[in-house]
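Engineer: Just passing along the structure, written as C-alpha cells.
Values quoted throughout were computed directly from the atomic coordinates according to the rules given, and no laboratory measurement underlies them. Values in this document were obtained by computation on a predicted structure and should not be read as measured data. Neighbour counts run over all protein chains shown; Cβ positions are idealised from the backbone, glycine included.
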Amino acid sequence: MTVRVGVVVFPGSNRDRDALHALELAGAEPVSLWHESADLQGVAAIVLPGGFAYGDYLRAGAIARFSPAMRAVSAFAAAGGLVLGICNGFQVLAEAGLVPGALLRNRSLRFVCRQVTIAPERLDTPFTHLIGERRPLRMPVAHGEGCYYADEATLDALERDGQVLFRYVDDDGRPALDPDDPANPNGSLRGIAGVMNAAGNVAGLMPHPETAVEPLLGSDDGLLIIRSLVESAAGRPVAGRKLEAGAR
C-alpha cells in the first residue's frame, strides 16, 4: 500500500505543488490538506511547504500557526507523527514552537534566491537516512527571513543533543559557521540550515529539497531527503485521523 503524505496548503503557499510532485516522485501518494480543515485524512507524514502563508503578515509564519490545520499538525507531531517544514514551513514550525529557534530577516536585509550547498549533520534520522554519507547537497533557497537564530545556551544544547540537522557548507563541504561566510546565504548562526525537535520526528530546513528532485532542475539531491521522509513514514502506523479544531 502506498504511503499517504499530506501537504498543508495555506493562502500564500507557492511551493505546495512542487512538494506534491516531489512526494509522488519519491513513491508516496500526496494529499493536499487545506489550512481551514483539521482533518489530516489519515496521512502518515506531513509537509509544510514554502511560500508566504497568510501573506507573512505580522511575521513569517505568525498567523499560520493558529490555523485549524496547524492545531491538528501539532497534535499529530505530539503523537509521534513525522513533520517536515520547508522554508516558510520551517518558519511556521518555529512560530508554533514545534522546533527550537527563530528565523529572522536575512543578514543582508535582502531576499535571497540562489543555489546553495548544505550537508547533513545526522545520517540516522527519518529525514536523512537515505543520504548515506556526509556530503554537500545542492538545492535552492528563496527567502527573506531565513537567518536561523537562538541564544547561545540553546545553540549549545542543539549541538550537544544532535538536533542540528543541516548546515550550510561550501562546495568542498566546509561548514559556513561565520554568518558573513559567502556560503552562508542569510547569516544563520553556526551555519545552521535545518534543525529537529528533541524527539526527532519534526524537522525544518530553509533550502528547498522539493525543487531539487530532478537533474533538469539543476540537482536531484533533494530527492534523498524527500525519499527518506516517505520511506520512514511507510514504516510507521497511519496516524492523524480527524482532530477537533481546538486540539492542542
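Engineer: For the stretch 55-134, which trypsin sites (Lys or Arg not before Pro) are in a loop by DSSP, counting at most 11 other Cβ atoms within 10 Å?
Structural biologist: The qualifying sites are 110.
Engineer: Mind checking the dipole of the stretch 117-240: about its Cα centre, +1 per Lys or Arg Cβ, -1 per Asp or Glu Cβ, Debye to the nearest 20?
Structural biologist: Using Cβ point charges on Lys, Arg, Asp and Glu, the stretch 117-240 gives about 400 debye.
Engineer: Taking neighbour counts of Cβ atoms within 10 Å as a proxy for exposure, in what order, fewest first, do 21, 208 appear?
Structural biologist: 21, 208
Engineer: Sequence gap at least 6, Cα distance under 8 Å: using those rules, report the relative contact order of the stretch 4-234 to the nearest whole percent.
Structural biologist: The normalised contact order for the stretch 4-234 reaches 21 percent.
Engineer: Another question, then. Sorting 76, 52, 90 on the 10 Å Cβ count, fewest up front, what's the list?
Structural biologist: Fewest to most other Cβ atoms nearby, the residues stand as 52, 76, 90.
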